[in-house]
Every structure is written in C-alpha cells, then in structure tokens.
Amino acid sequence: MTTRNIRQTDLNLLIGLNMLLEERNVTRAADRLGLTQSAASRMLGRLRATFEDPLFIRTSHGLTPTKRALDMAGPLREYLSGLEKLLIEGSEFDPMTERRRFRIAAIDYVQATLLAPLVAKLQLQAPLVDFEIRQPSSDSERDLDAGVLDLLLMPQQPSAPGVVWTPLYRDGYTCVVWSRHWAQRLTLSAFAKMEHVLVAPRERAGGIVDSVLEKNGLSRRVAVQAPTFLIVPYLLIGTTRIATVPQRMARELVRMHPLKILKPPVEIPGFTMCQGWHEIHRNDPGHHWLREQLAGAAKP
C-alpha cells in the first residue's frame, strides 16, 4: 500500500487484519468482528490485494502469518491503540486530571452570586482547570463566534446564527436600602419620590423600573447611576436612597452589608438568566462539563 492510495483504502480492513493476527483463524475472527465467515474471507481477499501479499498461509494449525504480516503486527497494534485512545479522549473529560482554561463573560451580579461560589468549589473538583472571568462587551458575541470566549452569561439577546442560549434560572427584582432607613413598607408614590440608584452595566440610562413607573403615570429621579452592582452598598449606606436589584444580588448584598430588603410596591417583570455559547462547542466534552456545572450551581 502506497501513500497515493491510502485515501482509497478502507481503514476498517486494518481492524480485520489485527483480529486475524490475534486469532489465526477466519471463523473466530469473523465472530469477534460480527461478520459471517464468507464476509471475513472476502475481507482477507481484499487485504491480500491491498498489501500485495498473501499475509496468511493455511496450515494444519490454522492461518500462519507471512513475514509481511508479522512485520506489520506491532505497528498495527500501536496504530489501533492510539486511534482508540484518541476516540476515547475525544468523548470524555476528567476534571481531576484535565488542564484547561475557560473564558467566561458575565456582569458582576452573576460573577458574585453564581461564578464565585462555583469556582471556589471547583478548586478541589477540577484542580487544573483555570478560569478567566471578564465583563461583557460589545465584542462578546463576536468572541463567542471566534471561539475566544467560552460562555456569555446574561439574559438572552438577539444573536448571530450558531449562538445557543441555554436557560439557567429565573430571577426577579426587589429593593434594598440602608438597614437604618426609615421605610418599612413602600407605597408606589413614596417609591417614585425617593432618590434612586440605577445600575446600568452597559451605561444606558433608564431601566425596567422606569418602564413600570411610566405605565403608572409616574417617574423617578435617578440620583446615582453606576456600572456595577458591587458598588451599590456604598451608595446606600448612610443615605435615604434606594436601589432595585435582582433578588439573588439583594440577598448577597444584605448578607455582606448593613442593608435591608423591601418589597417593591408594584410588580416588576423578572428575567431569565442564560448561558450563551457557540455551536462549535456542542461536541466538546470539557465545554459540556462546564455548562453542566453552571446549570447545577444555578439551581436555588
């Protein structure tokens, strides 16, 4: 067999040749390959034509390999073993031994409530896996498409073909104020008149609260607009201001700072947090493992 006809050769024949070398018997080789004896005999004929050598001589003890067949036996076993290893490694991911770096873009609310606890847990479960966490940007979807970014964590957005959005959890909104704030319950009119802190990760004015108030014929004053949720406590403590934030973020802020939660005086529509990823990773076992870890961590 020469390099110019490898592409015309059925490489499954090599599996059959290896089996014949092991069994030295067409019937037993056929049984292991799941073939009829006649099909195995035809396979042997094709092997002889491919290698231009008898390969096996029939004797009273069965099939005796020729020198050409014996010379190929060792390299053939190594080739098939390497191919099997390649296929196995392509279908499994062992977090205890794999070395890999995942790049995830998420706003700080998701970084604090979902990614930080998960990454801490995975330090023991996946000791050689590294994480690069960044803020989303206008380039995030392009980075997904290019394979530069593994995951984009945010509510589903209109996206290019090939980007898949998998839901992680539902979240709603609630209000947080300084723990010594005068308010115990909020009325809609009092809520509208308060000084508000607005978190705008993409630095856009307005938000869901403004839309809800507008439907009720009201508006609010945004006294402070900030790009991240983690600065919110420092904008509320010692003031009479109020911030409306996702419920998961509110619980984390109250746990860490002298703040309290107040129920909004009007229903504010919630949202679904998703993980966005590209189709190029669909058959990537490591990427699938990461998505499964996030899905498990996202459960309440």
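The values are calculated or read from the model by the stated rules, or taken from the named source; none is laboratory data. A quick note: this is a predicted structure, and the numbers were derived from the prediction, not measured. Side chains included, ligands, DNA and RNA excluded: accessible areas come from the protein's heavy atoms. Shrake-Rupley method; radii C 1.70, N 1.55, O 1.52, S 1.80 Å.
With respect to the chain, whose longest principal axis is taken over its alpha-carbon atoms, helix 247-256 is tilted by about 70°. Across the chain, Cα pairs under 8 Å and at least six residues apart give a relative contact order of 20 percent.
Evaluated at q = 0.12, 0.15, 0.19, 0.20 Å⁻¹, a Debye calculation over the C-alpha positions of segment 138-227 (equal weights, vacuum) places log10 I(q)/I(0) at -0.57, -0.78, -1.00, -1.05.
Cross-link partners for LYS121 among the lysines, with Cα-Cα distance under 25 Å and sequence neighbours closer than 8 places in the same chain left out: LYS299. Give me the percent of the accessible area of segment 164-300 that comes from carbon and sulfur atoms, probe 1.4 Å, all protein chains in place. The nonpolar share, carbon plus sulfur, comes to 51 percent. Once the Cα atoms are used to define both axes, helix 12-23 deviates from the longest principal axis of the chain by about 60 degrees.
When the scattering of the chain is computed by the Debye formula from its Cα atoms alone, each counted once and equally, what is log10 I(q)/I(0) at q = 0.10, 0.11, 0.13 Å⁻¹? So the normalised log intensities work out to -0.70, -0.78, -0.96. Accessible area per residue for segment 149-234 is 55 Å², calculated with a 1.4 Å probe on protein heavy atoms, without ligands, DNA or RNA. Out of every Cα-Cα pair that segment 10-122 contains, those further apart than 19 angstrom amount to 60 percent.
Adding -39500 (n - 2.57) for every DSSP H run of four residues or longer, then dividing by how many residues the chain holds, sets the calculated 222 nm ellipticity at -12000 deg cm²/dmol.
Anyone know which of MET273, MET72, MET194 comes out most mobile in the 10 Å Cα GNM of the chain? Maximum among the listed residues: MET72. Taking the DSSP beta bridges in the chain as the whole, what percent of them are antiparallel, to the nearest 5? So the antiparallel bridges amount to about 60 percent of the total.
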